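> Okay, here's the structure, questions in a sec.
Any read-out appearing in this document is the output of simple, stated calculations on the displayed coordinates, not a laboratory observation. Since the structure is predicted, the reported quantities are computational estimates derived from the model, not experimental observations. Here Cβ is always computed from backbone atoms with ideal geometry, including for glycine, and neighbour counts include all displayed protein chains.
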Amino acid sequence: MSSGSSSSATNGLHPHQDGSNHLNHAHHLNGFVDPTPHDQKIIDYLYNYGFQRGEYADTVLHVHQNTYRLHAIILSRSPFLVQLLSTSPQAQVGVPREIFVPVEREPEVTQEGFAIALGYLYSSSSLKLIRPENARAVLAAGCMLGGMNDLCEFAYAICKRSISVDTIALWLEFVDAIPSPSSGADTPGPDLSPIRILGPYVQRLRDDVFHFLVVTLPNILEIHATPESVPTTPENGREILLQVFSRVPFDMFKAAIESPNFQIGSDQARYKFAKEAIEARKHGIARGLEETVVLAFGGGNFGTSAVHVTRKMRKRPLWKVNS
């Protein structure tokens, strides 16, 4: 054998020059077979016997009203739980360490959402348990525990896809819970909005709701330039759009009405729609406030939008006292 060929050998085995063949035959190196099936068996075993059954546990985790018998080496994948482990000394040798997860002030983190995120530390099998109904809670738990970006992205994608005509009311409640920049809620303190646990996903979900309102919903309802003669019955798409916009928080309502992407007809049609929506809002989300809409002719001073929405506190009537 030449010196060139002998120097290219690996532990007496000659690697294939062709990269694809090398990958195909890599499982022969050192006599070991492809480890993938074996690795999966280990992961499945850890999830079934370690997480679901709590066999050979060295840590007892308390959260909500639940108790989990778990394993510190697995829990250490979470930065949040590592901190709890490091500050919760073991009572005595041979006795499992106990940790308590404080979620009393995190309403977004439900029992089901936390359990799915906790199981993800053991195996990605937990992903199969995520549904539109629990995706936001899983996302919140994943953000809190940390170190599980794949889980968070998966749950976020399900949240995004779940925004629909049937669920928009719930998502508007979510948006309404987001502190406005002028509220001073960015200052750390005990009164931070509970949805802040979602971190960067708060803004992403808000943007998704806004896009649904401005672009997706009008397309679903087939609203473009509804003829004036068409009555606004509950079955009519325009009436459904009015019902939805009557519950939109003001900052998003204003941005949506003024958005050039809100294509429901001419400027006059958008102005008329906003005026009707504001009238409906007087009896609900805008009670005690005075919202108005203005249609500017000839460009106006409202930037790129000819329709401009404002809001101010409604003045209390003055009572004259007779002497």
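> Return the sequence-ordered ³J(HN,Hα) values of region 102-114 in whole Hz as given by the Karplus equation 6.51 cos²θ - 1.76 cosθ + 1.60 applied to θ = phi - 60°, using x for Gly and Pro.
x, 10, 4, 9, 10, x, 5, 8, 8, 4, 5, x, 5
> Another question about this same structure. Can you pull out the trypsin sites (Lys or Arg not before Pro) in region 50-107 whose DSSP state is coil and whose Cβ has at most 16 other Cβ atoms within 10 Å? Show your work: numbers first, answer last.
Working: sites: Arg53, Arg69, Arg77, Arg97, Arg105; in loops: Arg53, Arg77, Arg105.
Answer in residue order: Arg53, Arg77, Arg105.
> From the phi angles alone, apply the Karplus equation (6.51, -1.76, 1.60; θ = phi - 60°) to region 196-211 and give each ³J(HN,Hα) in whole Hz, x where the residue is Gly or Pro.
4, 4, 7, x, x, 6, 4, 5, 5, 5, 4, 5, 5, 5, 4, 5
> Here is a follow-up. Mind listing the Cα extents of region 36-162 along all three principal axes, in Å, largest one first?
Ordered largest first, region 36-162 gives principal extents of 49, 42, 22 Å.
> Kindly write out, for region 258-267 in residue order, the coupling ³J(HN,Hα) from the Karplus curve 6.51 cos²θ - 1.76 cosθ + 1.60 (θ = phi - 60°), rounded to whole Hz, with x marking Gly and Pro.
3J(HN,Hα) across region 258-267, in whole Hz: 8, 5, x, 7, 7, 9, 10, x, 6, 4.
> Near the amide H of Glu98, under 5 Å away, which other amide H atoms are found, from residues 5 or more places off or on another chain, if H is placed in the peptide plane?
The answer is Val60, Ala91.
> Skipping prolines and chain starts, which residues have an amide H placed within reach, meaning under 5 Å, of the one on His64, given they are 5 or more residues away or on another chain?
Here Val103 satisfy the definition.
> In whole Å, what is the distance between the alpha-carbon centres of region 234-273 and region 154-177?
If you average the Cα positions of each part, the centres end up 18 Å apart.
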